Amino acid sequence: MQEGRIIKSLSGFYTVSNQNGTYECKGRGVFRKRKVTPLVGDIVQFELDENEEGYIKEIESRKNELVRPPIANVNQAITVSSAKEPDFSTKLLDRFLVLIESIGIQPIILISKTDLANEEELYKLEKFKKDYRNIGYEIQLVSKNNVEDAKLIRDYLPNQITVIAGQSGVGKSSLLNAVLPSLNLKTSDVSSSLGRGKHTTRHVELLNINGGLVADTPGFSSLNFDKIEQEELTDFFPEMKEIKNQCKFRGCMHDKEPKCAVKQAVEQENITTYRYEHYLEFLTEIRSRKPRY
Ligand SMILES: Nc1nc2c(ncn2[C@@H]2O[C@H](COP(=O)(O)OP(=O)(O)O)[C@@H](O)[C@H]2O)c(=O)[nH]1
Ligand SMILES: [Mg+2]
Ligand SMILES: [Zn+2]
């Protein structure tokens with residue numbers, strides 16, 4: 001028996017990698033009975049037969065599990081939003097952040113394509129950068145042709161399993177290519193990548209980059225809040241979570257309630273108005289969700 005990590009899955013075959021090498025493995029029927037399917041990212045015990053064909057025998061318990069894309073044991077998400085093409089939106093960024101926070105993964109924010117922004121736009125982006133840094137987020141303004149930026153990104157990767165989240169066309173693959181040119185990932189021009197369904201990266205694979213594993217498959221391809229309850233939403237806005245106990249009422253939703261610490265913080269400009277507005281919009285979205293049976 002050997003231990004390894006599944007780094008790729010394709011029609012019932014799993015590529016398992018460890019310090020000895022990379023092996024093509026099958027999952028034996030046991031998993032079907034137990035209703036667990038091996039996932040990319042899983043640590044597994046496997047056996048090789050005389051023909052060097054591998055069989056997965058055991059799956060170690062998972063720290064977490066992403067559904068779309070299906071990856072286990074992710075511990076970091078880099079969310080990429082472009083400065084331009086498509087235009088930067090704090091609302092979309094906050095949506096990604098909430099989804100990442102909701103599965104307990106550490107987010108890193110990259111604002112890409114900053115070479116396309118003019119002076120005024122850059123000034124605004126620097127302001128946003130300060131705002132998010134104040135909340136405690138790691139955030140960088142980057143562009144694919146800046147060598148220093150590639151170095152910055154490279155340093156986030158060692159010993160982590162990282163998913164890259166972000167709309168198509170924001171430059172995810174381009175940034176990874178900048179970090180490691182030999183990857184040679186496909187990039188697409190914006191006009192075609194903005195259309196739906198034209199994903200160049202469909203299968204799930206973890207790429208070995210600078211001592212870490214990275215999924216170029218866009219993380220969080222479903223951007224709805226189906227799995228989030230309204231009572232939890234505050235916890236996914238760290239600056240609100242931090243002070244929610246100071247609200248007068250337990251279970252305060254920071255909406256119409258009096259003596260709300262969150263609303264006070266917004267008035268005192270310790271919480272940005274736009275983040276608070278996004279909180280309220282997301283809350284409305286969750287509240288108006290159709291109940292599922
Ligand atoms: N000017 C500029 N264009 C970029 C940058 N990064 C990506 N692009 C372009 O944006 C388009 C989409 O990039 P791609 O990496 O495929 O985005 P992905 O869909 O997020 O993987 C391509 O035409 C890239 O050349 C950048 O930093 N600056
Ligand atoms: Mg891509
Ligand atoms: Zn409150």
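Summary of the geometry: segment 203-258 and segment 124-142, compared by the centres of their Cα atoms, lie 17 Å apart. Please give the calculated 222 nm ellipticity per residue for the chain, where each DSSP H segment of at least 4 residues contributes -39500 (n - 2.57) and the sum is spread over every residue; nearest 500 deg cm²/dmol? Only helices count here, giving -8000 deg cm²/dmol. Panel order for Tyr132, Tyr55, Tyr279, Tyr274, by other beta carbons found within 10 Å of each beta carbon, from fewest to most: Tyr274, Tyr55, Tyr132, Tyr279.
If I take R0 = 51 Å and measure r between the Cβ atoms of Asp235 and Asn146 in this structure, what FRET efficiency does the formula 1/(1 + (r/R0)^6) give, to the nearest 0.05? Taking R0 as 51 Å, the efficiency between Asp235 and Asn146 is 0.90. Between the beta carbons of Glu60 and Asn210, assuming R0 = 25 Å, the FRET efficiency works out to 0.55 to the nearest 0.05. With the cut-off at 21 Å, tell me which of the pairs Lys8/Lys144; Lys130/Lys241; Lys91/Lys113; Lys91/Lys290 have Cα atoms farther apart than that. Violating the 21 Å limit, Cα to Cα: Lys8/Lys144; Lys91/Lys290. Using C-alpha pairs under 8 Å with a sequence gap of at least 6, the mean separation divided by the residue count of the chain gives a relative contact order of 15 percent.
Considering only Gly41, Gly166, Gly136, the Gaussian network model of the chain with Cα springs below 10 Å gives its largest mean-square fluctuation to Gly136. Paramagnetic label reach from Ser221 (point 7 Å along Cα→Cβ; backbone nitrogen cut-off under 19 Å): within segment 1-20, residues 7-15.
When both segment 1-30 and segment 98-121 are represented by their alpha-carbon centers, they are found 33 Å apart.
Counting only GluC sites (Glu not before Pro) that DSSP places in a loop and that have at most 10 other Cβ atoms within 10 Å, the longest clean stretch of the chain runs over 53-228. One chain, two ends: Lys84 and Glu121. Fully extended at 0.36 nm per residue, the span grows by 12.4 nm beyond their Cα-Cα distance.
Using the Cβ-Cβ distance between Asn51 and Asp255 with R0 set to 45 Å, the FRET efficiency works out to roughly 0.10. Against the chain, whose longest principal axis comes from its Cα atoms, helix 90-102 is set at around 50 degrees. Ranked for footprinting exposure by Cβ neighbours inside 10 Å, fewest first, Val147, Val170 give Val147, Val170. Of all aspartates and glutamates in the structure, those lying under 14 Å Cα to Cα from Lys57, and not within fewer than 8 positions of it along the same chain, are Glu3, Glu24, Asp42, Glu47, Asp49. Working from the Cα coordinates of the chain, the gyration tensor eigenvalues give, after taking √(5λ), semi-axes of 36, 25, 16 Å in decreasing order.
Footprinting exposure proxy ranking of Tyr14, Tyr276, fewest other C-beta atoms within 10 angstrom first, gives Tyr276, Tyr14. Taking the C-alpha atoms only, the angle from helix 119-135 to the longest principal axis of the chain is near 80 degrees. Rounded to the nearest 10 degrees, the inclination of helix 273-287 to the longest alpha-carbon principal axis of the chain is 60 degrees.
The loop-placed trypsin sites (Lys or Arg not before Pro) in segment 2-61, going by DSSP, that have at most 15 neighbouring Cβ atoms within 10 Å of their Cβ come out as Arg28, Lys35.
Every read-out reported here was derived from the displayed coordinates using simple, explicitly stated rules and does not represent laboratory data. All figures in this text were calculated on a predicted structure; none of them were measured in a lab. All Cβ positions, even for glycine, are placed from backbone atoms using ideal geometry, and neighbour counts span all protein chains on display.
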